[in-house]
Each structure stands twice: as C-alpha cells, then as structure tokens.
Amino acid sequence: MIVVISSKAGEKEKTAIIEKLTAKGYSVDYIEGTEKILLGAIGENIKNRESVMASLQTMPGVEKVMPILKPYKKVALEFNPQRTIVKLRDDIEIGGDKITIIAGPCAVEGEKEIIETAVALKKLGVQILRAGAFKPRTSPYSFQGFGLKGLKMLAAAGKETGMMVVTEVMEPRQVKQVAQYADILQIGTRNMQNFDLLRECGKSGKPVMLKRGMSATIEEWLLAAEYIVNEGDNDVILCERGIRTFETHTRNTLDLNAVASVKQLSHLPILVDPSHGTGLRDLVAPMARASIAAGADGLIIEAHAHPEQAVSDAQQTLGMKDLSALMKDLRHISKAMGRTL
Ligand code: PEP
Ligand code: MN
C-alpha cells in the first residue's frame, strides 16, 4: 500500500506510522521526490490487510492510504509517480527528458574491431556501447562469444572512447565478473525468468537492463523486474525486444503496445531494441522512429563499422551511414516528443 503523510505531520507522528507498519509485518520504503512524503509498504501474507489499512487511516499524520492492486508493487507507477531516472554518469542518464541511444555489434569480435566500431559510434553521438561477450546462441555450434577476454576488450573500447558499456550476463555465477567490466548488466530475453540471475544482478550494485522474455506477458516482465528491485537495486531499465507470434516474415514482432502500456503501469524507463524486434536491417530505422514516437526512453541498436562482416546477427545490423541518417531523424522526433537526444 501507499501511505500519504500529511505535510503537517511531525517526526513523532511519522515514526509512529512506520512503527505500526513494521509491527504488522510490512517493510517500508520512502518514495522520494514527490511534494508529499509517501511511504510504500510491502508485506507478504499479511492477515487482515483491510483492517490494518483502516486503522492506519485514523492515525494522526496520515492523509490517505491507497492499496497497490497490481501483483507487482515496487515497480508500479503508484510507487514512484515521479518516475525513475537511471543516472549513469553526470552526462548520461536513461529516463526523464533524455532519449538515450545505445549501439554496437551483437558480439565483441576482437579488440581492434570493437574499438573501430566504438570510435565510429562516438562520432555519431552514441554514448553507450553494446556488445556481447557471453552470447546466448540458439545453436551450440554458433560462436558463443569471447567470454572474459571479450569483457576486457569491451571495457578497453569503453575506456578508449569514454563510452559506457552494456553487456549480457547469462548465469548467476558470472555476475560479479561481468559487473567488474560493465556499466550496465544486460539480462537477455531467454533469461527473463531466471530468478536466481535476477536476484544476483539485483545485488550487484549495477544498473540492470532487463529484456522482455520472447513469450512473456507485460505482467510477467514487470514481476521479473520486481525481483531485481527487491534486492535493493532501483536502477532497472526495461527493454522491449519483440515477442514470438505466428508471423515469420520478421524475426520477432516488435510490441510497441508494450511501450505505451509500460508507461501507464510502471515508473521504470523503457528502451526498445528494433534490431532483434525485426531481425531485418531495412526495418530497424522505421521501427526505431516509431518507438520514440510511442514514448520509449531510448533505443539499443545493433551497429557495426562493417555490418556485412558481423559474426552474428549481420542481417539486422546497421552500418554507420544508416545509423547516422537514423540519428538525424531521431533528433527531430525526440524534439517533437518534447525530449532531447
Ligand atoms: C542481444 O542483445 O544480442 C541479444 C541476444 O538479445 P535478446 O536477448 O533480446 O535476444
Ligand atoms: Mn544480437
């Protein structure tokens, strides 16, 4: 539930409210940034929930008590109506008025290669570099990524260019290692409901980008995000990357309904991945443009200095010329949406 504290309430009254909630088995969070003080109280297996709420309502200093009716709580919009802005660095944040572009190859393919692409992306104004070192491949015979060596190459490219880096972590036991090299941990579509991985990433102290499971409902996705936030990590970024439907022309069906819906349901920022969402290079730009118009906070795009040579996902990877033209369009669309890129 959300407890709205009256602006006239004194310290003693506030303490009594918190003590009451704690005694009834709730854990209490301050919800920051609003004009009023809001308390978010979450409790499992609470008996007589209604009567607890009714008695709180009569306590001095309480203005209003509101239940959170959704199954997810801490990621619900009610829990933070101001919305989360993930601040990565003084000049880089995800959410708020900013539109953030993340780009890079599907996989780290070598030190020279990743630096060449990073330098080219930096010139286009991209601030965050993506590339996988641990790759979840459908076939065990496909390139699985360079692992630790790849992490080091990615971090070197980040250092060389001043870009921040995001990369996928596939297993709970990899989290500490990946967190040493990455600025943002990526949880891929195939792992959205790997609950041990969600919890471990939530303990890492790093921002986490949680991709939507390819067959997950929006509610399941937000509940997965709740696992991360429950470990104390509020810096969760959602990413819509397309879902499985009957359509086979495209690799996935990019669900822009999810973008607009998430904005109504959750305070977490949401990015779109039009590369995996379409699987086709020619569709990346139109769906990228549509994503920003639908209210997304940014994009994660597969891009490569030599896209035709990309080791994985070449068919959906943009070259620098295409990305440069897209960035120009996105600046216009962002402005029309009252945002800046
Ligand atoms: C990726 O970003 O390269 C990737 C594997 O994404 P997804 O988990 O969305 O398939
Ligand atoms: Mn890929």
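Computed from the coordinates by the stated procedures, all read-outs in this text should not be read as laboratory data. Keep in mind that this is a model prediction, so the values were computed, not measured. Please note: Cβ atoms are built from the backbone with ideal geometry, for glycine as well, and neighbour counts cover all protein chains shown.
Remarks
- Note: region 208-341, Cα convex hull, 115 Å³ per residue.
- Reported to the nearest whole Å, the Cα centre-to-centre distance from region 1-50 to region 54-93 is 11.
- Residue 266 long-range amide H proximity, modeled H, under 5 Å: 77
- Normalising the average separation of contacting C-alpha pairs (under 8 angstrom, six or more residues apart) by the number of residues puts the relative contact order of region 96-145 at 42 percent.
- Computed from Cα positions, the angle between helix 281-293 and the longest principal axis of the chain comes to roughly 30 degrees.
- With distances taken between every two different alpha-carbon atoms, the chain has a Kirkwood hydrodynamic radius of 21.0 Å.
- For region 94-144 and region 153-170, distance of Cα centres in Å: 8 Å
- 3J(HN,Hα) from dihedral phi, region 212-223, Karplus parametrisation 6.51/-1.76/1.60, rounded to Hz, x for glycine, proline: 6, x, 5, 10, 8, 6, 4, 5, 4, 5, 5, 5
- Among 136, 286, 307: highest mean-square fluctuation, GNM of the chain, C-alpha pairs under 10 Å: 286
- Average Cα contact separation per residue, the chain, under 8 Å, 6 or more apart, as relative contact order %: 16 percent
- Projecting the Cα atoms of 256, 340, 295 onto the dipole axis of region 240-341, where Lys and Arg carry +1 and Asp and Glu carry -1 at the beta carbon, places 340 farthest toward the positive end.
- Its alpha carbons considered, region 160-282 gives a radius of gyration followed by a Dmax of 14.3, 44 Å.
- Dipole check for the chain: with +1 at the C-beta of Lys and Arg, -1 at the C-beta of Asp and Glu, and the Cα centre as origin, the magnitude is about 180 Debye.
- Non-local Lys pairs in region 68-150, i.e. 8 or more apart or on different chains, that have alpha carbons under 29 Å apart: 22
- 16 Å Cα-Cα reach of residue 47 towards lysines, excluding residues that sit fewer than 8 places from it in its own chain: 20, 24
- Positive-end residue of 61, 79, 132, charge dipole of region 1-152 with Cβ unit charges: 132
- Sequence-distant residues sharing a close amide H with residue 237 (under 5 Å, placed H): 208, 209, 210
- For region 66-135, the equivalent ellipsoid derived from the alpha-carbon gyration tensor has semi-axes of 35, 16, 8 Å in decreasing order.
- Taking GluC sites (Glu not before Pro) across region 1-50, the ones in a DSSP loop with at most 11 further Cβ atoms lying within 10 angstrom of their Cβ are 32, 35, 44.
- Rounded to 10°, Cα long-axis angle of helix 11-23 versus longest principal axis of the chain: 80 degrees
- In degrees, nearest ten, helix 111-123 long axis to first principal axis of the chain (Cα): 70 degrees
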